[in-house]
Ligand SMILES: Nc1ncnc2c1ncn2[C@@H]1O[C@H](COP(=O)(O)OP(=O)(O)OP(=O)(O)O)[C@@H](O)[C@H]1O
Ligand SMILES: [Mg+2]
């Protein structure tokens, strides 16, 4: 038992000064955290404000319907058209191809690492994945253009040098390590007891992985793929190099098409006179890209919340 | 079926005649280079409750996990000795034995409740589904039966499709017991199943175990001597990884022969 002081207080009872300092420190820290959170929200809002502010004059000039009700994007032509869906189609097609590759492969790899791989391999895989995730995207871009497209052309005769298939596939490979690494973290965070319960009940590795580990790690895995997807959507080099810079309203992976990011980079490289109408269209595209990413985020949040709101 | 309906045999006399469900012979176990179990030999009788007692850290959980090869999930362990699961004399620890075959015959309840992140119903049905049971009616029936046996049915019968995490800790533990019972395992391993429960829930589980012993073989780790006295037929006392004393509950708990057992029991009585 701790010794007890004269007034019946434990001799470890803290002094009033200590308590005051402690409270002050806690308050300071909370304020700091609040400020950091507020700052990141403010920055996001500021970006949105700039995008909207710069887009509005442009939209007033050409009209919202010219942007939303057209599918031809030719801002540099003598008779310019601003149908943003041409660019959105490019972004969506490449991103969906990337997801179609990265989602099954990523889940399978993460599960393999978590349930099947010998511990040594598991430990070795992690840094390799992180290294892969750090490869500059321009490398992936040339890889798509110079390796993947020729390979695909061998399989699919008549495939043009710029095509969304190669871009999307390489985009998928690019986000794969990222998605696997984050998913594996989520799987590893599943309480050991849960895994033991499954094996003790007679589950096979596959049943444990699919039936217990994946559901238990679901929210972490959803956000892993969400981050990966956002990266794929915002990725510029790969799609610019491999899918080309020709805006075309098509969802056919065998054609080339510019994405929103490819257009932004094209304009930013200075092919377009500063301050011109075509230049200002950049902000509308950026706003469109932001809205797309935001929509994906929202969707995924709803998805993971709807299924697990009763859970833990 | 209730306890009262069962014929009450004279414990010691009949215990001798019960066939063995499990023969643990000269079992040693290492975590890495650290030996935790030393030459443990323990018979477990069919359709009897065998209680495993001993101070914290003496290796009770480790021993239990040898029996269903749960240590296989972590690398760097080593077994020596034999565990035979009867009938059939399945050599549990043999390298060529598929741990799945062992685990499909054995159920386990852990110290902390660990329900799957799914509905109450699916938790109980999980063990049946992986054994290939598909018929809805059969699943429904077995889920209800198991929940009744675990004493949870009345509380959850209207919310079977609620998420299991919404249950209280004690309810979750009873759910885990129901989950272990559903596939009707030959042997039930219980690792301090009542340590997370209040006295009322504990009493309920004990009553349940007493009732189950007519059908299942139970190996129960407990730190409650009264619990062992109330429901166990045989008691094994484990001390620093060695089996110090084993025999009918009445003898081990009342007239322990080994001084270490005596000291431990005296400490608990105080
Ligand atoms: N994964 C592990 N790696 C290394 N040592 C371990 C591991 N798990 C348990 N041990 C050690 O093995 C010994 C036996 O542990 P065990 O969990 O079997 O004890 P126990 O009898 O179940 O204790 P309690 O009554 O507290 O649950 C302890 O000394 C413990 O520290
Ligand atoms: Mg234990």
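The values are calculated or read from the model by the stated rules, or taken from the named source; none is laboratory data. Source: prediction; values computed, not measured. Cβ: placed from backbone, ideal geometry, glycine included. Neighbour counts: every protein chain shown.
For the condition outside the structural domain of residue A:287 (by TED's automatic domain parsing) and touching a strand residue (DSSP E or B) at 6+ places or on another chain (Cβ under 7 Å), what is the one hit in A:34, A:73?
Result of the check over A:34, A:73: A:73.
Only one of A:166, A:110, A:133, A:144 is at pLDDT below 90 and crowded, with 18+ Cβ neighbours inside 10 Å. Can you tell me which?
Exactly one residue qualifies, and that residue is A:133.
Can you name the condition, by its number, that residue A:53 falls short on among (1) touching a residue at least 24 places away in the same chain (Cβ under 8 Å); (2) in a helix (DSSP H, G or I); (3) not assigned by TED's automatic domain parsing to the domain that holds residue A:251?
(1)
Can you spot a residue in the range B:148-166 that is within 13 Å of chain A (Cβ to nearest Cβ), under 17 Å from residue B:107 (Cα atoms) and either surrounded by 13 or more Cβ atoms within 10 Å (Cβ to Cβ) or at pLDDT below 95 (or both)?
No, the conditions are met nowhere in the range B:148-166.
Which residue, of B:218, B:177, is away from chain A (no Cβ under 14 Å), touching a strand residue (DSSP E or B) at 6+ places or on another chain (Cβ under 7 Å) and at pLDDT 90 or above?
The unique qualifying residue is B:218.
What is the number of the single condition among (1) within 16 Å of ligand 1 (Cβ to nearest atom); (2) closer than 22 Å to residue A:208 by Cα; (3) surrounded by 19 or more Cβ atoms within 10 Å (Cβ to Cβ) that residue B:72 does not meet?
Among (1) within 16 Å of ligand 1 (Cβ to nearest atom); (2) closer than 22 Å to residue A:208 by Cα; (3) surrounded by 19 or more Cβ atoms within 10 Å (Cβ to Cβ), the lone unmet condition for residue B:72 is (3).
Of the residues B:143, B:124, B:102, which is more than 14 Å from every other protein chain (Cβ to nearest Cβ) and crowded, with 19+ Cβ neighbours inside 10 Å?
B:143 is the lone residue from the list that is more than 14 Å from every other protein chain (Cβ to nearest Cβ) and crowded, with 19+ Cβ neighbours inside 10 Å.
Need a quick list: helices (runs of 4 or more DSSP H) entirely within the range B:130-232 having at least 3 residues that are in contact (Cβ under 8 Å) with a residue 12 or more places away in the chain.
Because the criterion is at least 3 residues that are in contact (Cβ under 8 Å) with a residue 12 or more places away in the chain, the helices (runs of 4 or more DSSP H) in the range B:130-232 that meet it are B:136-149, B:169-181, B:199-212, B:225-231.
For (1) assigned to a strand (DSSP E or B); (2) on the phi < 0 side of the Ramachandran plot; (3) in contact (Cβ under 8 Å) with a residue 24 or more places away in the chain; (4) within 13 Å of the chain's Cα centre (by Cα), each residue gets a yes or a no:
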site	(1), (2), (3), (4)
B:29	yes, yes, yes, no
B:41	yes, yes, yes, no
B:47	no, no, yes, yes
B:56	no, yes, yes, no
B:66	no, yes, yes, yes
B:78	yes, yes, yes, no
B:107	yes, yes, yes, yes
B:125	no, yes, yes, no
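Taking the criterion of being within 16 Å of ligand 1 (Cβ to nearest atom), within 20 Å of residue B:245 (Cα to Cα) and within 14 Å of chain A (Cβ to nearest Cβ), would at least one residue in the range B:55-62 satisfy it?
yes
Against the condition assigned to a helix (DSSP H, G or I), under 29 Å from the mean Cα position of the chain (by Cα) and at the interface with chain B (Cβ under 8 Å from one of its Cβ atoms), how does residue A:170 come out, does it pass?
So residue A:170 does not fit the description; no.
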